[in-house]
Amino acid sequence: MKGAKKANEDELNLLHQLIAKDLIKKIKGGEATVQEISAAIKFLKDNEVVADITTSPVLPQLENAVVTVGELPFDTDGEEDAK
């Protein structure tokens, strides 16, 4: 590809947007493969997308749904005897 013109910023932004929209569509539709989900995770990581509990309306709901270790139905008394 000698002499090939590099993509400009607008073209790269469009490609970025199309990839994001395609991954969202497949994940929401339940048709994403394991490889596509991995690609989406990498896409987020590469673009430094992080979840912030103070600004996300969904993360506090997730935090409230998580069971603390003390509430799990495990018998911890037997662990000391097993050692």
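The values are calculated or read from the model by the stated rules, or taken from the named source; none is laboratory data. None of these values were measured; they are calculated from a predicted model. As a convention, Cβ positions derive from the backbone with ideal geometry for all residues, glycine included, and neighbour counts pool all protein chains shown.
Under 6 Å by Cβ, and 6 or more places apart or on different chains, what pairs join a residue from the stretch 27-53 that is under 14 Å from His16 (Cα atoms) and among the aromatic types (Phe, Trp, Tyr) with one that is modelled with pLDDT under 95 and outside any loop (DSSP other than H, G, I, E, B)?
Note: no pairs meet the criteria.
Condition check: modelled with pLDDT under 95, touching a helix residue (DSSP H, G or I) at 6+ places or on another chain (Cβ under 7 Å), of a type in the set (A, V, I, L, M) and surrounded by 10 or more Cβ atoms within 10 Å (Cβ to Cβ). Does Ile41 satisfy that? Give the steps one after another, and end with the answer.
On the way: modelled with pLDDT under 95: yes; touching a helix residue (DSSP H, G or I) at 6+ places or on another chain (Cβ under 7 Å): no; of a type in the set (A, V, I, L, M): yes; surrounded by 10 or more Cβ atoms within 10 Å (Cβ to Cβ): yes.
Against the criterion (modelled with pLDDT under 95, touching a helix residue (DSSP H, G or I) at 6+ places or on another chain (Cβ under 7 Å), of a type in the set (A, V, I, L, M) and surrounded by 10 or more Cβ atoms within 10 Å (Cβ to Cβ)), Ile41 does not qualify.
When residues of the stretch 44-75 are filtered for being in a loop (DSSP other than H, G, I, E, B), among the charged types (D, E, K, R) and at pLDDT 80 or above, how many remain? Full working, then the answer.
Narrowing the stretch 44-75 to residues in a loop (DSSP other than H, G, I, E, B): 47-58, 66-68, 72-75.
Next cut, among the charged types (D, E, K, R) only: 48, 52, 75.
Pick out the ones that are also at pLDDT 80 or above and you get 48, 52.
Final tally of qualifying residues: 2.
Within the stretch 43-56, can one find any residue that is touching an Asp or Glu at 6+ places or on another chain (Cβ under 7 Å) and among the aliphatic types (A, V, I, L, M)? Write out each step before concluding.
Residues of the stretch 43-56 that are touching an Asp or Glu at 6+ places or on another chain (Cβ under 7 Å), as a first pass: 53.
Now narrow it down to the ones that are among the aliphatic types (A, V, I, L, M): 53.
Yes: the stretch 43-56 contains one or more residues that are touching an Asp or Glu at 6+ places or on another chain (Cβ under 7 Å) and among the aliphatic types (A, V, I, L, M).
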